[in-house]
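Have a look at the structure below, then the notes.
The values are calculated or read from the model by the stated rules, or taken from the named source; none is laboratory data. What you see is a predicted model; the values in this text were computed from it and never measured. Cβ coordinates were reconstructed from backbone atoms using ideal geometry, including for glycine residues, and neighbour counts include every protein chain displayed. We work out accessible area using only protein heavy atoms, side chains counted, and drop any ligands, DNA or RNA first. Shrake-Rupley method; radii C 1.70, N 1.55, O 1.52, S 1.80 Å.
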Amino acid sequence: MLRRALFSLFLFFLLAGFSIDAKSLPCSQVQKDHGIVCQCNVTYCDTIEPLGTITAGKAVIYTTSRKGKRMERSELKHSTSSTAKTKVYINGTQTYQQIMGFGAAFTDAAGINMKTLPQSMQDQIIEQYFSDDGLGYTFGRVPMASTDFSTHEYSYDDTKLDFLLSNFNLTVEDFDYKIPYIKKAMTASGGKLKLFATPWSSPAWMKTSGRMIGAGELIGDQNGKYYQTWAQYFVKFFEAYHAQGIDFWSLTPQNEPTTGIDPLWKWQTLFFDASMERNFIKKLLGPALAASPVTKNLKIMINDDQRINLPHWPKVILSDPLAAQYVNGIALHWYEDFIDPACVLSETHSLYPDYFLLATEACAGYFPADGPKLGSWSRAEQYANDLIKDIGNWVGGWVDWNFILDLQGGPNLAKNFVDSTLIVNATAQEYYKQPIWHVMAQFSKFIKPGSTRIGTTIIEKSVDVEGLSFSNSDGTTTVVLLNKNEVLEFEVAVSDVSSPNVIYDLTIQPNSLVTIIYKN
């Protein structure tokens, strides 16, 4: 009995995060169809080994790899010379954008999957995403009403012709699947969580098609009562969440507005082109938000769609001073990044340097929508490559899509099943950390809001090595390097122009991502 009581006490402290050992538990590796995942259940889940104190001349390196390393920590000692052919030079005098942070979305699907697990595991997941001991996420995206990652089509006011929005109400989905987890994330982040909201569609009765799902736009004149009511709908949403103790940092006027013209679109959407979004912001949405004490300081991000819209979309909106006064940033999705190179982001920044760029949605397995591939390294590498390309071209932050899905990649009302960083197996009462989860950790754990991207030069390099560097507020420097080669490892020498005689030698394994943190 005593032994059982002691074990129960140990388990309580372990799950509560109070155990010293709980901060450095290794991945419980399980081989799945596509590679290795870390298995978590009610009694065990891997955690990230703490960085520790970084002193001058010391470097710590974390590695995640296809072969199974998951945020594996080791230390590097400096030398004064190196024979490595691949050299990485860090230059803190070359400064670029400040980093805003990383995050994920509080969808209905995420909340539904969370509720299939015991409370202790739910709390564990939130802590591992949003606490400083975990990934340290500081962004949360919140859909306004239903998306494809809902079980059914719904808005906050489905009463026809209710132009006064007298019947506006949050739904059971907000109260069961979003608000509880948002509040826990706010606490876990120590108050650092920044929330932004996005609608997928207006209520069906406001739309030309009469359905939230499928193509269509708001009815009538762009200054008419449907557009006016839609602007007030935003205010109602933020005021309703404020009444629940949740305030927002930002919003986008519409998720992927260009999809609203596609007659074959299978889930909720609402069409806006750039000029329509400009007119809506400057004439209706901006003034409506400014008139409410709850919403007057909200930041508006435009586009919230693919790179292919750049720089045209910002040009249309930001060249109008009346619209531009309400806008703070430009939001991006990654689904068509293969069409336009990342340099279009730098071009957009060059044109509009006072407006931040934020990547607001990404997921693997979207085309074709084939759901999770447990253990897939190629999908993890896709994330790492996009993060490096985006941030290397002035994007200030990167926000993932659903933070947890089921084995099918849902639920999703349109059967648009995709992948996620965490996949839950409700029957077994366990979840799996995809390699994507640890790739996100390699960035978000050590590149904090307020860090500044700095100069990085890689010489005599293979085309398969790429990376970024950042100057941190605590005086440390973070370097992230990705080796995309499937068979070759590379000996790399990292040095800082401010201390050229301090060189860190390391070997980057095939298909691996490393994060180095050092202090001069």
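What tally of residues in segment 79-105 results from selecting those that are open to solvent by 90 Å² or more (accessible area, probe 1.4 Å), over 22 Å from Tyr355 (Cα atoms) and part of a strand (DSSP E or B)? Before the answer, list the steps.
Of all residues in segment 79-105, those open to solvent by 90 Å² or more (accessible area, probe 1.4 Å) come to 80, 83, 85, 93, 98.
Restricting the remaining residues to those that are over 22 Å from Tyr355 (Cα atoms) gives 80, 83, 85, 93.
From the residues that got through so far, the ones that are part of a strand (DSSP E or B) too are 93.
Here the count works out to 1.
Have a look at Cys27, Cys38 and point out the one that is modelled with pLDDT of 95 or more, in contact with a helix residue (DSSP H, G or I) (Cβ under 9 Å, 6 or more places away or on another chain) and assigned to a loop (DSSP other than H, G, I, E, B). Even if it seems obvious, please write down each step before you answer.
Values: Cys38 fails: assigned to a loop (DSSP other than H, G, I, E, B).
Within the list Cys27, Cys38, the selection yields Cys27.
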### Query
Any chance segment 376-391 includes a residue that's more than 30 Å from Gln122 (Cβ to Cβ) and of a type in the set (Phe, Trp, Tyr)?
no
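To keep it simple, each residue is scored yes or no on (1) of a type in the set (S, T, N, Q); (2) more than 27 Å from Lys85 (Cα to Cα).
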{"position": "Ala426", "(1), (2)": "no, yes"}
{"position": "Thr477", "(1), (2)": "yes, no"}
{"position": "Val497", "(1), (2)": "no, no"}
{"position": "Val502", "(1), (2)": "no, no"}
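Quick check on segment 41-74: of everything there that is of a type in the set (S, T, N, Q) and assigned to a loop (DSSP other than H, G, I, E, B), which residue is nearest to Glu486 (Cα to Cα)?
Thr47
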### Residues located in segment 127-169, provided they are among the acidic types (Asp, Glu), open to solvent by less than 10 Å² (accessible area, probe 1.4 Å) and either touching a strand residue (DSSP E or B) at 6+ places or on another chain (Cβ under 8 Å) or not in a loop (DSSP other than H, G, I, E, B) (or both)
Asp148
### Task
Considering each residue of segment 453-506, count those that are farther than 23 Å from Thr55 by Cβ, among the charged types (D, E, K, R) and not in a strand (DSSP E or B), and give that number.
6
### Query
Pairs, please: C-beta under 7 Å, at least 6 apart or cross-chain, first residue assigned by the TED database to the domain that holds Ile330 and in segment 260-287, second β-branched (Val, Ile, Thr) and open to solvent by 50 Å² or more (accessible area, probe 1.4 Å)?
Phe271/Ile261
### Of the criteria (1) assigned to a loop (DSSP other than H, G, I, E, B); (2) in contact with a helix residue (DSSP H, G or I) (Cβ under 8 Å, 6 or more places away or on another chain); (3) of a type outside the set (S, T, N, Q), which one Ile281 fails
(1)
### Message
If a residue must be surrounded by fewer than 16 Cβ atoms within 10 Å (Cβ to Cβ), modelled with pLDDT under 95 and not small (Gly, Ala, Ser), how many such residues does segment 54-78 contain?
### Response
2
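Consider Leu11 carefully, then state whether it is modelled with pLDDT under 95 and open to solvent by less than 80 Å² (accessible area, probe 1.4 Å). Let's see the steps before the verdict.
On the way: modelled with pLDDT under 95: yes; open to solvent by less than 80 Å² (accessible area, probe 1.4 Å): yes.
Yes, satisfied.
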### Task
Kindly check whether there is at least one residue in segment 454-471 that is surrounded by fewer than 23 Cβ atoms within 10 Å (Cβ to Cβ), among the aromatic types (Phe, Trp, Tyr) and either out of contact with any Asp or Glu (no Cβ under 6 Å at 6 or more places or on another chain) or farther than 24 Å from Val399 by Cα (or both).
no
### Query
Does segment 225-232 contain at least one residue that is assigned by the TED database to the domain that holds Leu289, open to solvent by 10 Å² or more (accessible area, probe 1.4 Å) and over 29 Å from Ala414 (Cα atoms)?
yes
### Task
Show the residue pairs that are 6+ apart or on different chains and have beta-carbon atoms under 9 Å apart, the first residue being within segment 39-58 and on the phi > 0 side of the Ramachandran plot, the second being in a loop (DSSP other than H, G, I, E, B).
Gly57/Lys519; Gly57/Asn520
### Message
Looking only at segment 106-120, how many residues end up being surrounded by fewer than 21 Cβ atoms within 10 Å (Cβ to Cβ), under 17 Å from Leu407 (Cβ atoms) and not β-branched (Val, Ile, Thr)?
### Response
1
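Here are some residues: Gln97, Gln124, Gln119, Gln128. Which one is at pLDDT 95 or above, farther than 30 Å from Glu460 by Cβ, in contact with a Phe, Trp or Tyr (Cβ under 9 Å, 6 or more places away or on another chain) and of a type outside the set (A, V, I, L, M)? Let's see the steps before the verdict.
Details: Gln97 fails: farther than 30 Å from Glu460 by Cβ; Gln124 fails: in contact with a Phe, Trp or Tyr (Cβ under 9 Å, 6 or more places away or on another chain); Gln119 fails: in contact with a Phe, Trp or Tyr (Cβ under 9 Å, 6 or more places away or on another chain).
The conditions single out Gln128.
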### Number of the condition not met by Asp419 [criteria: (1) without any contact (Cβ under 8 Å) to a residue 60 or more places away in the chain; (2) among the charged types (D, E, K, R); (3) open to solvent by 10 Å² or more (accessible area, probe 1.4 Å)]
(3)
### Query
Would a scan of segment 242-249 turn up a residue that is open to solvent by less than 10 Å² (accessible area, probe 1.4 Å) and not basic (Lys, Arg)?
yes
### Message
Residues to consider are Ser346, Ser350; find the one that is in a helix (DSSP H, G or I), surrounded by fewer than 20 Cβ atoms within 10 Å (Cβ to Cβ), without any contact (Cβ under 8 Å) to a residue 24 or more places away in the chain and assigned by the TED database to the domain that holds Lys194.
### Response
Ser350
### Query
Does segment 358-397 hold any residues that are free of Cβ contacts under 8 Å to residues at least 40 places away in the same chain and open to solvent by less than 20 Å² (accessible area, probe 1.4 Å), and which are they?
Ala362
### Query
Tell me, which residue of segment 304-341 that is in contact with a helix residue (DSSP H, G or I) (Cβ under 8 Å, 6 or more places away or on another chain) and more than 20 Å from Thr258 (Cβ to Cβ) is most open to solvent (accessible area, probe 1.4 Å)?
Gln325
### Task
Would you point out the residue of segment 137-189, among those that are touching a Pro at 6+ places or on another chain (Cβ under 9 Å) and small (Gly, Ala, Ser), that is nearest to Ala362 (Cα to Cα)?
Ser150
